[in-house]
Each structure stands twice: as C-alpha cells, then as structure tokens.
Amino acid sequence: MVMDISWVYVWSQVLTVIEYALLGASYLAKNRKAVVVLDIVSMTTGIFAFLLLGADLGMMMSIIILLANLYYLWDERVHNKKERTKLHLRDYIVLAMVLVGIGVIAWLTYDGPLSLLSVMATVLYEVSIWQKSTRIYKFLGIPVAFCWMTYNGFVHSIFGVICEAVMLVIAVVGYVREVRGKNSKKRLKRKG
C-alpha cells in the first residue's frame with residue numbers, strides 16, 4: 001500500500017514527535033503533579049496530531065484523557081498531600097464517568113477491532129493515573145505503550161509507532177528506576 005505524504009501528514013508526524021517527547025518526560029517525572037501537567041500538554045498535542053491523521057477514535061480517547069487530567073490537576077491544587085494520597089468517593093465517581101465516556105465514544109466511533117487498541121490503552125492509562133501512584137503509572141505505561149504503538153500502525157502514523165516504541169523503553173526504564181528507588185529506601189530504613 002502506498003501512502004500519500006502530504007503537508008498535513010508531515011505536520012501530524014511533527015506533532016506526534018512533540019507529543020511523545022512530553023509523554024516520555026512524564027514517565028521520568030518524580031511526582032504526580034509533574035506527570036499530570038506533562039500529560040495535559042502531551043495529550044493536547046496528540047489531539048491535533050490525530051485530528052490531522054483523521055483518527056477519530058484516537059483523537060476522542062486523547063480528549064477523554066485530557067479532560068480527566070484536568071480533573072487530576074485540579075485535585076492536586078485543591079487538596080492537601082494527605083487527602084491526595086488516599087482515594088475518595090469523588091475519585092471513584094470521576095473514574096466511573098471517564099470509563100463510561102470511553103465506552104460511549106468507542107461505540108460511536110468504532111472503526112474495526114484494531115481501533116479498540118486505543119480504547120484499551122486509554123482505559124489502562126486512566127486506571128494507572130487514577131491510582132495516584134507513580135509506580136503503578138509507570139508499570140501500566142508498558143502495556144499502554146504497546147497498545148498505542150499498534151494503534152498508531154493501524155492509523156499509519158509512522159512516527160507514532162517509532163515514538164511509542166521509545167515510550168515502551170522509557171516506561172520500562174522509569175518503572176525499574178522507581179522500583180530500585182523504593183527498594184533502596186527500604187534497605188536504608190532497615191540499616192538505620
């Protein structure tokens with residue numbers, strides 16, 4: 001299959017590279033607020049990239065992620081650290097609303113079985129960031145990266161596939177660093 005390389009496609013790929021650079025930075029961030037802010041900017045860029053690619057389901061999933069991240073950013077600003085570390089009823093309600101939104105949009109924009117990879121990636125992502133744990137976020141980043149990599153292949157985003165492969169590596173590195181950091185803190189506590 002021969003793909004038409006137009007300026008719209010080129011711009012979609014430039015935005016894709018920017019989106020993934022920001023997303024990669026989020027996997028290396030040390031606190032949840034930095035993760036959320038980087039994800040908001042990343043998702044905004046991704047929305048425009050998917051719009052240019054004509055990938056409606058990917059774009060809508062990115063919009064859902066963006067809206068949920070705006071809630072998480074609000075949560076970071078309004079509630080103190082102690083309140084943010086525990087899940088509250090409002091968190092469960094927001095997660096339920098996000099998952100219902102994902103289901104409705106998936107149903108409305110369904111474009112074949114491979115398009116559901118963006119749905120699976122979005123669900124895993126939302127659960128990962130909803131948990132309020134950078135360790136879970138980084139761990140679930142691994143299957144999320146695989147799903148988005150495959151979806152980007154489906155919508156013919158060459159740089160999406162390449163960048164998501166890099167995200168897969170960054171997610172693994174971020175998770176390993178997180179686990180090693182926690183384990184070294186535990187060892188220091190035992191020795192001290």
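Pairs please, first residue from region 34-50 and within 17 Å of Lys138 (Cα to Cα), second anywhere and open to solvent by 10 Å² or more (accessible area, probe 1.4 Å) and polar (S, T, N, Q), Cβ atoms under 9 Å, 6+ apart in sequence or on different chains.
Close Cβ pairs (under 9 Å, with a partner that is open to solvent by 10 Å² or more (accessible area, probe 1.4 Å) and polar (S, T, N, Q)) amount to Val35/Thr134.
Pull up region 100-128, narrow it to residues that are under 21 Å from Thr16 (Cα atoms) and of a type in the set (A, V, I, L, M), then point me to the one that is least open to solvent (accessible area, probe 1.4 Å).
Selected residue: Ala121.
Identify the residue in region 72-99 that is under 18 Å from Ala34 (Cα atoms) and aromatic (Phe, Trp, Tyr) and, among all such residues, is surrounded by the most Cβ atoms within 10 Å (Cβ to Cβ).
Tyr72
Pick from region 22-31 the residues that are open to solvent by 30 Å² or more (accessible area, probe 1.4 Å) and touching a residue at least 60 places away in the same chain (Cβ under 8 Å): which of them is nearest to Phe159 (Cα to Cα)?
Just the residues of region 22-31 that are open to solvent by 30 Å² or more (accessible area, probe 1.4 Å), to begin with: 22, 25, 28, 30-31.
Now restrict to residues that are touching a residue at least 60 places away in the same chain (Cβ under 8 Å): 28, 30-31.
Working: Leu28: 21, Lys30: 27, Asn31: 28 Å.
So, considering only residues that are open to solvent by 30 Å² or more (accessible area, probe 1.4 Å) and touching a residue at least 60 places away in the same chain (Cβ under 8 Å), the one nearest to Phe159 (Cα to Cα) is Leu28.
The values are calculated or read from the model by the stated rules, or taken from the named source; none is laboratory data. Keep in mind that what you see is a predicted model, and the values were worked out from it rather than measured. Here Cβ is always computed from backbone atoms with ideal geometry, including for glycine, and neighbour counts include all displayed protein chains. Note: accessible area is taken over every heavy atom of the protein model, side chains too, but ligands, DNA and RNA are not part of it. Shrake-Rupley method; radii C 1.70, N 1.55, O 1.52, S 1.80 Å.
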